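Chemist: Okay, here's the structure, questions in a sec.
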């Protein structure tokens with residue numbers, strides 16, 4: 001019995017020893033792998049023999065000691081010394097946040113005032129490409145009065161730097177905007193300047209040993225005025241679907257990383273609410289061409305983001321048709337993010353090319369080309385249906401007008417006036433067609449008392465849009481003006497129809513009287529003829 005117990009203990013001990021040896025082997029293998037990786041970093045690549053473990057560890061210790069002493073003697077200037085940087089952000093992310101929050105640009109000037117460097121932010125703020133500013137003088141973009149005031153101050157700051165004084169200075173001036181900024185010609189810029197040494201750039205000329213750093217802050221009203229130069233996200237396009245009156249019904253999930261809005265936040269809103277005012281006319285023209293052609297690629301346009309900034313997009317749109325009745329059902333599109341540099345280089349060429357192409361393909365309107373001005377705000381499906389019905393009625397009225405004209409010509413040739421036939425024709429013709437025929441007849445003139453409606457329209461034209469409105473207030477203001485104009489036009493049309501109806505009633509009464517008089521005259525003439533025949537007999 002005792003022998004069997006010893007065998008059981010030996011079996012359990014052997015299993016434990018084998019497990020312990022296996023774990024030890026795994027640990028040594030991991031240690032050898034780490035040493036091999038460390039040897040590949042610290043060893044000389046030209047050395048043929050393989051280093052042992054002690055040599056690898058010694059070289060690693062020497063490398064770390066040298067690196068630590070180097071860091072102590074030369075502090076890291078790339079990181080901020082302040083403690084307000086969040087611990088969960090990297091230096092690149094924090095720098096991007098600071099630059100976007102400052103909404104400023106940076107210039108470096110030599111001793112003569114020529115621009116040596118310009119940051120990328122001058123493009124959305126002032127409308128200049130950085131390459132356009134390099135080599136030019138800053139005085140060129142100032143007024144003569146500002147140049148005579150500011151440049152001596154900058155020269156004085158250079159002299160104070162040479163004498164060991166304070167070289168910081170601040171001033172403001174009006175800077176001329178570039179060709180890529182079409183809103184205003186000049187902007188007020190508040191600048192902070194300082195003078196630094198240029199020894200790190202290894203300039204050969206001694207006169208460029210000092211560099212003036214200018215940090216400019218553009219003063220503009222609180223509105224979405226900042227343009228995203230390049231998208232900082234991996235997704236560069238998203239798909240969407242609109243109704244026929246240009247309202248969002250579907251947005252791809254990738255849009256959140258581009259425009260900032262979640263898909264459900266834009267559903268039911270108009271596409272035009274997110275377009276910049278300067279591109280509204282162009283986008284409306286492309287959308288009108290889309291109705292004619294069924295597919296179009298728009299020009300570059302700015303789309304509002306949730307952070308109240310602009311991102312440049314370009315859309316490819318096509319119309320989706322119902323599979324049962326083949327009627328237009330929705331508009332599907334794909335928006336692609338483009339850089340501001342591409343917009344500045346290609347926008348004018350693209351608009352010119354598309355305008356020429358549309359003039360060849362789309363038949364021109366009456367009195368204008370296919371790109372004639374149209375309303376920026378799209379109509380609703382009910383309005384579109386009414387416009388189609390009015391167009392069909394207009395065609396029918398033209399046919400009725402031709403028939404009435406031919407009828408009048410036949411009656412003129414016969415030289416017979418039949419009031420009951422004319423009255424019958426008026427009664428059988430539909431009222432809307434008859435009103436349109438009479439209103440467009442060149443021989444009929446009515447007195448017009450639409451002065452009140454005209455005064456309303458003239459008052460509407462003289463209204464000036466107040467300054468300082470937000471985008472939402474401006475949108476509502478324009479919508480109210482458009483609704484007021486529609487109501488005034490509807491009132492004018494209804495008043496005109498009432499006048500025509502009164503005139504038709506007067507004409508009907510007159511024709512009835514004439515018809516009755518002709519009947520009486522006919523009966524009297526028939527009686528006289530009968531009496532004369534009886535007398536002759």
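Just so it is clear, none of the values below were taken in a lab; they were calculated from the coordinates. Treat the numbers as computed from the prediction; the structure is a model and nothing was measured. Virtual Cβ from ideal backbone geometry, glycine too; neighbours counted across all protein chains shown.
Chemist: Between residue 196 and residue 493, what length comes free when the chain is fully extended (0.36 nm per residue of separation minus the Cα-Cα distance, one decimal in nm)?
Modeler: 99.6 nm
Chemist: Given a Förster distance of 60 angstrom, what is the FRET efficiency for residue 474 paired with residue 65, based on the Cβ-Cβ distance and rounded to 0.05?
Modeler: About 0.35, to the nearest 0.05.
Chemist: How much length is gained if the chain between residue 348 and residue 155 is pulled fully straight, taking 0.36 nm per residue apart and subtracting their Cα-Cα distance, in nm to one decimal?
Modeler: Values: separation 193, 0.36 × 193 = 69.48 nm, distance 4.07 nm.
Between residue 348 and residue 155, full extension yields an extra 65.4 nm.
Chemist: Can you put 341, 65 in order of Cβ neighbours within 10 angstrom, beginning with the fewest?
Modeler: Neighbour counts put them in this order, fewest first: 65, 341.
Chemist: Next question, about the same structure. Using the basic label-point model (7 angstrom from Cα toward the beta carbon), what is the residue 106 to residue 264 distance in nanometres?
Modeler: In this crude spin-label approximation the distance works out to 4.2 nm.
Chemist: How long is the gain from residue 293 to residue 513 if the chain were fully straight, where each residue apart is worth 0.36 nm and the alpha carbon distance is subtracted?
Modeler: 73.5 nm
Chemist: Could you rank the peptides 186-195, 116-125, 30-39 by their average count of other C-beta atoms within 10 Å per residue, with the highest value first?
Modeler: Numbers: 186-195: 17.3, 116-125: 19.9, 30-39: 12.7.
Sorting 186-195, 116-125, 30-39 by mean packing, highest first, produces 116-125, 186-195, 30-39.
Chemist: Sticking with this one: Quote the Stokes-Einstein diffusion coefficient, in whole µm² s⁻¹, for segment 258-327, based on the Kirkwood radius over alpha carbon pairs, a temperature of 20 °C and a viscosity of 1.002 mPa s.
Modeler: Answer, rounded: 159 µm²/s.
Chemist: How high is the FRET efficiency from residue 308 to residue 98, r the C-beta distance, R0 22 Å, rounded to 0.05?
Modeler: The pair residue 308/residue 98 has a calculated efficiency of 0.75.
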